[in-house]
């Protein structure tokens, strides 16, 4: 059985941005639906993406 490639933060960030650009809610399940991965792994990465978005908004 071939193992899937690992989910990267860059892939999660791009997917979150894409989902947001479509005016949809950025959720862990939405990201997993696009790129796969486990809830715990993707969840941590989505949280980091959200934290970065909040930091950028605070500096704007």
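The numbers here are math on the coordinates, done by the rules we state, and not lab data. All values derive from a computational prediction rather than experimental measurement. Cβ placement follows ideal geometry from the backbone for every residue including glycine, while neighbour counts extend to all protein chains displayed.
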### Summary
Which of (1) 1.16; (2) 1.27; (3) 1.44 is the computed Cα Rg over 2.2 N^0.38 Å? It is (1)
### Query
Taking the Cα atoms only, what angle lies between the long axis of helix 39-59 and the longest principal axis of the chain, rounded to 10 degrees?
20 degrees
### Query
What angle do you read, to the nearest 10 degrees and between 0 and 90, between the alpha-carbon axis of helix 9-21 and the longest principal axis of the chain?
60 degrees
### Message
Cβ neighbours within 10 Å, averaged per peptide: list 27-36, 49-58 in order, most packed at the top.
### Response
27-36, 49-58
### Task
At 0.36 nm per residue, minus the direct Cα-Cα distance, what do residue 53 and residue 27 gain on full extension? Give it in nm, one decimal, please.
7.9 nm
### Query
Counting alpha carbon pairs within less than 8 Å and at least 6 residues apart, what relative contact order, in whole percent, applies to the range 9-59?
38 percent
